[in-house]
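Asks: Take a look at this one; I'll ask things after.
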Amino acid sequence: PYLIWATVLLIVIQSKETGCWLSRCLSAVLNSKIAQGIGQMAYSIYLSHMLVIVLSLLVLDSLGLATSSNSPALLLAMTIVGTLILSRLTFIFVERPFHELGRRLHTGQAGQWHRDAMQEERRNAER
């Protein structure tokens, strides 16, 4: 496997240096909005894919399709679709808010948010 990856890497590097059609195709694919979106969700995909595989196997087994000749294709399709959906939701509702919190903590805005919340709480208590 390592020899294959090394060969592919060398081909990509060589095509980038010579500016051939392969380099332009790879650049177009990797700069597409779909590839960028998948790249943003990479950590969520990494975390959720095994859960989706296990749940997909359970669903196929409960439907009696785990032993059919189509089960590998069904498992693959369910895993890809399920992983993308779960990863997108995880990215939107977990990762993104924590990234924003990290930015606020880094820039000191979180402290301001806390002070504003405390002042609002005091005003509400005085009423």
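The values are calculated or read from the model by the stated rules, or taken from the named source; none is laboratory data. Quick caveat: nothing in here was measured; it's all calculated off a predicted structure. Cβ coordinates were reconstructed from backbone atoms using ideal geometry, including for glycine residues, and neighbour counts include every protein chain displayed. Only protein heavy atoms, including side chains, enter the accessible area calculation; ligands, DNA and RNA are left aside. Shrake-Rupley method; radii C 1.70, N 1.55, O 1.52, S 1.80 Å.
Asks: Every residue in the stretch 16-32 that is of a type in the set (A, V, I, L, M) and either without any contact (Cβ under 8 Å) to a residue 12 or more places away in the chain or loosely packed, with under 11 Cβ neighbours inside 10 Å (or both), please.
Replies: 22, 28, 29, 30 - these are the residues of the stretch 16-32 that are of a type in the set (A, V, I, L, M) and either without any contact (Cβ under 8 Å) to a residue 12 or more places away in the chain or loosely packed, with under 11 Cβ neighbours inside 10 Å (or both).
Asks: For the stretch 7-20, which positions are part of a helix (DSSP H, G or I), at pLDDT below 80 and not charged (D, E, K, R)?
Replies: Within the stretch 7-20, 11, 12, 13, 14, 15, 18 meet the criteria.
Asks: Right, something else. Within the set of pairs 6 or more residues apart or between chains, which connect a residue that is under 19 Å from residue 25 (Cβ atoms) inside the stretch 1-15 to a residue that is among the polar types (S, T, N, Q) and open to solvent by less than 70 Å² (accessible area, probe 1.4 Å) with Cβ atoms less than 6 Å apart?
Replies: As it stands, the answer is 15/23, since those pairs meet every condition given.
Asks: In the stretch 41-66, which residues are over 22 Å from residue 97 (Cβ atoms), of a type in the set (Ser, Thr, Tyr) and in contact with a Ser or Thr (Cβ under 7 Å, 6 or more places away or on another chain)?
Replies: Result: 56, single match.
Asks: Among the β-branched types (Val, Ile, Thr), at pLDDT 90 or above and either touching an Asp or Glu at 6+ places or on another chain (Cβ under 8 Å) or part of a helix (DSSP H, G or I) (or both), is that true of residue 29?
Replies: Numbers: among the β-branched types (Val, Ile, Thr): yes; at pLDDT 90 or above: no; either touching an Asp or Glu at 6+ places or on another chain (Cβ under 8 Å) or part of a helix (DSSP H, G or I) (or both): yes.
Here the answer is no, as residue 29 does not meet what is asked.
Asks: Could I ask something else about it? Residue 23: in a helix (DSSP H, G or I), at pLDDT 90 or above and not aromatic (Phe, Trp, Tyr), yes or no?
Replies: Taking the combined requirement at face value, the residue does not satisfy it.
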